[in-house]
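Working notes, beginning with the structure itself.
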């Protein structure tokens, strides 16, 4: 279990398309679940994605239409996930295989969002640990260069998770993290 996090013990349970984590939080034990978003939950994910994109627009140009959204339910190399805290949906993660650096990657976090009222409670860290779980390989994720809060989150998470070979790339208006994870 210490492969998922160096700073906090977790209990991990797996069931097909769902993982749950029981982790200590400020309110006692919280259960974080990551579930593959079904077609039935697509509208809920779109609603959160729209809020997320509006939030990101303060840091630069953002396409509020998100042209690849529907592809997460049709393409074999895209995975839409919902993040649950206890029984409430509190965020999402969109994972694919597109490499922002152009160096090639096994997985990339295209979008990652936790509702503002659930931030700074360990939800994001636990959700990120799930995304890595059983997905060995080279990963990439990008953060808009002006998004200081986003960069601080990812730097904190990447240095407290059992990953290796972290590289940083400053691209035009984006900082890309590239790293390796072995399950």
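Across region 85-183, Cα pairs under 8 Å and at least six residues apart give a relative contact order of 26 percent.
Sorted on the mean count of surrounding Cβ atoms within 10 Å across their residues, most packed first, peptides 77-84, 57-64 read 77-84, 57-64. The orientation-averaged projected area of the convex hull spanned by the Cα atoms of region 94-180 comes to 5.4 nm². Note on residue 173 and residue 106: the extension gain reaches 21.8 nm, defined as 0.36 nm multiplied by sequence separation minus the Cα-Cα distance. In percent, rounded to a whole number, the relative contact order of region 142-183 is 42, using alpha-carbon pairs under 8 Å and six or more apart. In plain terms, the chain from residue 51 to residue 117 could stretch by 22.4 nm, reckoned as 0.36 nm per residue minus the Cα-Cα distance. Over region 59-119, the pair-distance histogram of Cα-Cα distances with 10 Å bins from zero comes to 19, 43, 33, 5 percent, rounded to whole numbers. With contacts taken as Cα pairs under 8 Å and at least 6 residues apart, region 11-181 reaches a relative contact order of 17 percent. Estimated at 0.36 nm per residue, the fully extended path between residue 182 and residue 58 surpasses their Cα-Cα distance by 41.1 nm.
Between the alpha-carbon centres of region 51-129 and region 155-183 there is a gap of 16 Å.
Normalising by residue count, region 11-181 has a Cα convex hull of 119 Å³ per residue. Counting only DSSP beta bridges with both residues in region 42-163, the antiparallel share comes to about 80 percent.
Laboratory data are not the source of any read-out in this text; all were calculated from the coordinates shown. What you see is a predicted model, and the numbers here were worked out from it, not measured in a lab. Note that we place each Cβ from the backbone using ideal geometry, even for glycine, and neighbour counts take in every protein chain shown.
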